Amino acid sequence: MRWFVRNKLKITLVKSYIGRPAPQRKVLAGMGLGKLNRSVFLEDTPEIRGMVRKVCHLVSMEEVKGNDV
């Protein structure tokens, strides 16, 4: 059996979501971001990339190798 190491994304909330539409707030909550300057490590999947694209003006993203986390 082969184990593939999947890359992760480090996503950080860099701007406040106060005054933003409810769908954007729900996307941030779905990623686990609630406070400013907090980071989460999530799997690099098309679904997560789509979520990041919806709130790209509020977050910063960087790719991290699977073993570096």
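Are there any trypsin sites (Lys or Arg not before Pro) in the stretch 1-63 that are in a DSSP loop and have at most 10 other Cβ atoms within 10 Å? List them by number.
R2, R6, K35
Calculate the spin-label point distance for K26 paired with T12, positioning each point 7 Å from the Cα along the beta-carbon direction, and give it in nanometres.
It is 2.9 nm.
Sum up the charges of everything whose Cβ sits under 12 Å from the Cβ of I48, counting Lys and Arg as +1 and Asp and Glu as -1, but leave I48 out.
+2
Please compute, for the alpha-carbon atoms of the chain, the extent along each of the three principal axes and give them in descending order in Å.
For the chain, the Cα spread along each principal axis is 48, 20, 15 Å.
Using only DSSP helix segments of four residues or longer, with each worth -39500 (n - 2.57), what per-residue ellipticity at 222 nm results for the chain after dividing by its residue count and rounding to 500?
-8000 deg cm²/dmol
Which angle between 0 and 90 degrees, to the nearest 10, do you get for helix 22-31 versus the longest principal axis of the chain when only C-alpha atoms count?
Value to nearest ten degrees: 30.
Counting only protein heavy atoms and a 1.4 Å probe, tell me what percentage of the chain's accessible area is made up of carbon and sulfur.
Carbon and sulfur atoms account for 53 percent of the accessible area of the chain.
Any idea of the accessible area per residue across the chain, 1.4 Å probe, to the nearest Å²? Don't skip to the end; give the middle numbers.
Details: 5120 Å² over 69 residues.
Per-residue accessible area for the chain comes out at 74 Å².
Using a simple spin-label model with points 7 Å from Cα along the Cα→Cβ vector, what separation in nm is obtained for M61 and T45?
Simple spin-label model gives 1.4 nm for this pair.
The values are calculated or read from the model by the stated rules, or taken from the named source; none is laboratory data. The structure displayed is predicted, hence computed values, not measured ones. Glycine gets a Cβ as well: all are built from the backbone with ideal geometry, and neighbour counts include every protein chain shown. Each accessible area value is taken on the protein alone, full model and side chains, heavy atoms only, with ligands, DNA and RNA left out. Shrake-Rupley method; radii C 1.70, N 1.55, O 1.52, S 1.80 Å.
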